[in-house]
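Participant: What follows is a structure written as structure tokens; I'll ask about it next.
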């Protein structure tokens, strides 16, 4: 499990939004933010197939919003429960 604090998660989301705006000149949507957070926080903690499943799961906007809203420890539990995985 990650030791990232809720404040760190928000900073990651803000940084992802800024990066995305610079790259595309537009605001990120919830799904994009969730996938960026997933990649930054969980890519090394999930197998490749589990990571791809998580990306698919987060394409549902309500699930993406829940994912980016939760603090890191609860988000870890939520992700494991919803994807039936264990973090490495």
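Participant: Out of the helices (runs of 4 or more DSSP H) lying entirely within segment 32-85, which hold 3 or more residues that are more than 21 Å from residue 14 (Cβ to Cβ)? Spell out the reasoning first.
Facilitator: Values: elements: 48-57, 61-69, 72-83.
Of the helices (runs of 4 or more DSSP H) lying wholly inside segment 32-85, those with at least 3 residues that are more than 21 Å from residue 14 (Cβ to Cβ) span 48-57, 72-83.
Participant: So, one more: Could you tell me how many of the residues in segment 66-82 are touching a helix residue (DSSP H, G or I) at 6+ places or on another chain (Cβ under 6 Å) and surrounded by fewer than 16 Cβ atoms within 10 Å (Cβ to Cβ)?
Facilitator: Residues in segment 66-82 being touching a helix residue (DSSP H, G or I) at 6+ places or on another chain (Cβ under 6 Å) and surrounded by fewer than 16 Cβ atoms within 10 Å (Cβ to Cβ): 1 in total.
Participant: I've got another one for you. Which numbered condition trips up residue 1, out of (1) in a helix (DSSP H, G or I); (2) surrounded by fewer than 15 Cβ atoms within 10 Å (Cβ to Cβ); (3) modelled with pLDDT under 95?
Facilitator: Single failed check for residue 1: (1).
The values are calculated or read from the model by the stated rules, or taken from the named source; none is laboratory data. The structure displayed is predicted, hence computed values, not measured ones. Ideal geometry is used to build each Cβ from the backbone, glycine not excepted, and the neighbour counts take in all protein chains shown.
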